[in-house]
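Colleague: Can you keep this structure in mind? I'll have questions shortly.
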Amino acid sequence: MTTLKLVVVSAGLSRPSSTRLLADRLARATGEQLKDVDTEVRVIELRDLATAIADHMVTGFPGAGLRDALDAVAGADGLIAVTPVFTASYSGLFKSFFDLLDNTALTGKPVLVGATGGTARHSLVLDHALRPLFAFLRARVVPTAVYAASEDWGSEGDGHTEHLPGRIDLAGQEMAAEMTGRPAVGRTSDTYDDMVPFAEQLAALRTG
């Protein structure tokens, strides 16, 4: 039986890290959809490679640990990439790591993107920064990307407040479908399924 390789790249800097937490939950959701498939999951924490990434950028030569991480990403059947938001975009460490990948390493590869930030106002980073980055690298970015603000984890930090679990499950379904070539089934509800169009909200204000 062929073993699928799922690689998770987390650019969280702290420990514990909400970025790593989101990455782990996305990996778990994808893994649950791949229960009938032999799957190998590897997590790469860029925090541990920060010095090696900087060294490679000035010397042109990767250390053994960084080389191994780059090879793992290049050889993966699917990639989950999660970054904290710094100054309205992905972190410099996150971008630097992917700058070191061969330009063709992600061609055609399914990629699930996620980001974490202090406020929901940064959620567009998924579409104005992460999707263009992986589109440039010719990856196949799954439709559902996941952003988690501080309040999404709940005051108790349990990570199971209202809408976030549904989006994580949906993203995991789509990622598993991309990795196996199967259609996504059993779609869960999306946070935005019940969203009231802005025009309707304005109309309600005028008549209220």
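Colleague: Quick check on my filter: what residues within segment 38-53 are in contact with a Leu (Cβ under 9 Å, 6 or more places away or on another chain) and surrounded by fewer than 19 Cβ atoms within 10 Å (Cβ to Cβ)? Before the answer, list the steps.
Modeller: Step one: filter segment 38-53 for residues in contact with a Leu (Cβ under 9 Å, 6 or more places away or on another chain), giving 38-42, 46-47, 49-50, 52-53.
Correct list: Asp38, Glu40, Val41, Arg42, Arg47, Ala50.
Colleague: While we're here: Could you list, in sequence order, all residues of segment 66-115 that are assigned to a strand (DSSP E or B) and of a type in the set (Ser, Thr, Tyr)?
Modeller: At the first step, the residues of segment 66-115 found to be assigned to a strand (DSSP E or B) are 78-86, 89-90, 110-115.
Passing the criteria: Thr83, Ser89, Tyr90.
Colleague: Can I ask one more? Suppose we filter segment 1-37 for residues that are open to solvent by less than 70 Å² (accessible area, probe 1.4 Å) and either among the small types (Gly, Ala, Ser) or more than 17 Å from the chain's Cα centre (by Cα) (or both); how many remain?
Modeller: Summing the residues that are open to solvent by less than 70 Å² (accessible area, probe 1.4 Å) and either among the small types (Gly, Ala, Ser) or more than 17 Å from the chain's Cα centre (by Cα) (or both) in segment 1-37 gives 14.
Colleague: Across segment 28-52, what is the number of residues that are under 19 Å from Leu70 (Cα atoms) and either aliphatic (A, V, I, L, M) or modelled with pLDDT under 95 (or both)?
Modeller: Residues that pass the stated criteria total 7.
Colleague: Next question. Restricting attention to segment 30-52, which residues are under 17 Å from Lys5 (Cβ atoms) and of a type in the set (Gly, Ala, Ser)?
Modeller: Answer for segment 30-52, where residues must be under 17 Å from Lys5 (Cβ atoms) and of a type in the set (Gly, Ala, Ser): just Gly31.
Colleague: Hey, can you tell me all the residues within segment 91-109 that are open to solvent by 10 Å² or more (accessible area, probe 1.4 Å), under 18 Å from the mean Cα position of the chain (by Cα) and not β-branched (Val, Ile, Thr)? Spell out how you get there, then give the answer.
Modeller: In the first step, residues of segment 91-109 are kept if they are open to solvent by 10 Å² or more (accessible area, probe 1.4 Å); the result is 92-93, 95-96, 99-105, 107-109.
With the extra rule that they be under 18 Å from the mean Cα position of the chain (by Cα), the set shrinks to 92-93, 95-96, 99, 101, 105, 107-109.
The answer is Gly92, Leu93, Lys95, Ser96, Asp99, Leu101, Ala105, Gly108, Lys109.
Colleague: Restrict the check to segment 95-102 and report whether at least one residue is modelled with pLDDT under 95, in contact with a helix residue (DSSP H, G or I) (Cβ under 8 Å, 6 or more places away or on another chain) and of a type in the set (Gly, Ala, Ser).
Modeller: no
Colleague: May I ask you to verify whether Ala149 is modelled with pLDDT of 95 or more and of a type outside the set (Ser, Thr, Tyr)? Break it down stepwise before answering.
Modeller: Numbers: modelled with pLDDT of 95 or more: no; of a type outside the set (Ser, Thr, Tyr): yes.
Answer is no for this residue.
Colleague: How many residues does segment 1-56 contain that are of a type in the set (A, V, I, L, M) and part of a loop (DSSP other than H, G, I, E, B)? Can you show your working first?
Modeller: Quick first cut of segment 1-56, residues of a type in the set (A, V, I, L, M) only: 1, 4, 6-9, 11, 13, 21-23, 26-27, 29, 34, 37, 41, 43-44, 46, 49-50, 52-54.
Still in the running and part of a loop (DSSP other than H, G, I, E, B): 1, 11, 13, 34, 37.
Residues flagged as of a type in the set (A, V, I, L, M) and part of a loop (DSSP other than H, G, I, E, B) within segment 1-56 amount to 5.
Colleague: Looking at Ala81, Ala88, Ala64, Ala74, which one is of a type in the set (Gly, Ala, Ser) and open to solvent by less than 40 Å² (accessible area, probe 1.4 Å)?
Modeller: Numbers: Ala88 fails: open to solvent by less than 40 Å² (accessible area, probe 1.4 Å); Ala64 fails: open to solvent by less than 40 Å² (accessible area, probe 1.4 Å); Ala74 fails: open to solvent by less than 40 Å² (accessible area, probe 1.4 Å).
Only one candidate passes the filter, namely Ala81.
Colleague: Limited to segment 31-68, what total is found for residues that are touching a residue at least 40 places away in the same chain (Cβ under 8 Å) and over 16 Å from Gly172 (Cα atoms)?
Modeller: Of the residues in segment 31-68, 8 are touching a residue at least 40 places away in the same chain (Cβ under 8 Å) and over 16 Å from Gly172 (Cα atoms).
The values are calculated or read from the model by the stated rules, or taken from the named source; none is laboratory data. Values in this document were obtained by computation on a predicted structure and should not be read as measured data. Cβ coordinates were reconstructed from backbone atoms using ideal geometry, including for glycine residues, and neighbour counts include every protein chain displayed. Each accessible area value is taken on the protein alone, full model and side chains, heavy atoms only, with ligands, DNA and RNA left out. Shrake-Rupley method; radii C 1.70, N 1.55, O 1.52, S 1.80 Å.
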